[in-house]
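Read through the structure below, which is laid out as structure tokens, and then see the notes.
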Amino acid sequence: MTSTDEELVARSMGGDHDSFNQLILRWERPIYALAYRTIGREEDARDVCQETFLRAYRALPKFRREAKFSSWIYRIALNLCRDWARRERRTPVVQPPEDMDLIEMAAAVGPSESIEDLVARKDLTARVELAMARLPDEQRTAIVLKEYHGLTFQEIADLQGCPLSTVKTRLYQGLSVLRREFAPSPGRVA
Amino acid sequence: MNDTRCTFDGRRDEVLVAYLYDDIEPREREAFEAHLPDCLVCRTELDALSDVRGGLAAWAAPDVLDGIGGTAPRSALRIVNPESPRVSTGFRTFAEAPVWLQAAAAMLVVAASLGLANLNLTYSPSAGLSVSTGWMRPAPAVTPAPAPVVTAAAPAPDPWQADLTVLEQKVMEGVKAQFAATQAPDGDAALLARVRNIVQESERRQQRELALRVAEVARESQVQRQADLVKIDRNLGLIQRSTGVEVMRTQQQLNTLAQRVSQQR
């Protein structure tokens, strides 16, 4: 039977390293995806992800169990992303991963997708990445947390430390900018 | 109902986003759903933002199947119990070696230091432990006594020297065993297999990259071709139109000329 996060956290706090490793296994993908979409660099996202779990492990004795582990770990990751942005003093750089396995992606979708569709999808991905990188940090983070991590407005508000209405406004403004960015340009040849 | 302006209350943007993500209070949902059929602005925006969400779905983060430690196995980031026994046979540091080996090595170092410092360390049950210097100095010349010479028996070797030799051998055997373990053929084979895997993976990646580039070039040339065709078509149309206009003018001039000629007659 699969243990809940809370059970694994309790056992980890008691010194069970395997339980913490299970938490890493469960959360490393979402945390890495969050870091990648927030800072836009694959290598740095890996570093942030590793650092997130290391910090969590060190701070485990201070963890208050009434909070959700996922919220706690998201908060650590977001703080690290913010630190990264401050340190680098620049907006996220969109950099397609070196080994972007588009062929494998296509295979995963099915043989019906042609190479044309594949390239078109890559174009779309690049446009999304660019448009997201241009958004202000707060709007981008709100969209990433809602769109890709399925957090509730309240959870995002807690993570971002702002009122619920601000989260909704940030989402609305961010999506509206993306809407304009995604609109086909008039001179584009189909 | 006005189709160009929304008449929903002041928090319309927030409610629209909440409705879009299906994270909305039931009362707000009810009010917004009642408003939607009559408001073209909200319907249009809702559709457009849904399309944006569809576009966002295309943005996949690179997979971390290879582990967040890069190409290392997925277990690259794991907490390991520092007190758990190590399976590895090699000692990375002196501190990882067994206690007996550390003690023996320490004794060797002490013995070597004493030798270098020219110190004589002796122990006898009667005199106890005594330390003296200059034990390697050549012995003073012995003048033969006129009395009948009694040759002293050669002193028996100190027992600690034998122990030291045994310990030295033991340490050397231990070190040799460790060295042999790290140089085992299994280790070489595993290393070779790993290198081979890395090379194969690199080749596969390059092939994929090449296929992708080729597809991109093909697509770009196709797009360019279509654009060129559109341009040619447009230019041809312009030429045809101008030619038609020219023909019409010539026709009109001919008509005018014919009319004048018939009038003069």
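The values are calculated or read from the model by the stated rules, or taken from the named source; none is laboratory data. Bear in mind that the values here come from a model prediction, so they are computed numbers and not experimental data. FYI the Cβ positions are ideal-geometry reconstructions off the backbone, even for glycines, and counts take in every protein chain you see.
Structure summary
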quantity: Residue ranges of helices (runs of 4 or more DSSP H) in segment A:65-153 with at least 2 members away from chain B (no Cβ under 14 Å) and either closer than 23 Å to residue B:206 by Cβ or at pLDDT below 80 (or both); calculated: A:69-88
quantity: Near pairs, Cβ below 7 angstrom, 6+ apart or cross-chain, from segment A:21-38 (facing chain B (nearest Cβ under 8 Å) and under 18 Å from residue A:57 (Cβ atoms)) to any residue that is in a helix (DSSP H, G or I) and among the hydrophobic types (A, V, I, L, M, F, W, C); calculated: A:24/A:53; A:28/A:49; A:32/A:45; A:32/A:49
quantity: All positions within segment B:4-29 that are of a type in the set (Lys, Arg), within 13 Å of chain A (Cβ to nearest Cβ) and over 16 Å from residue B:49 (Cα atoms); calculated: B:11
quantity: Residue satisfying all of: in segment A:21-64; buried (at least 17 other Cβ atoms within 10 Å of the Cβ) and outside any helix (DSSP H, G or I); nearest to the chain's Cα centre (by Cα) among these; calculated: A:40
quantity: Test result for residue A:39, under 23 Å from residue A:147 (Cα atoms) and at pLDDT below 90; calculated: yes
quantity: Test for residue B:222: is it surrounded by 11 or more Cβ atoms within 10 Å (Cβ to Cβ), under 30 Å from residue A:126 (Cα atoms) and at pLDDT 80 or above; calculated: yes
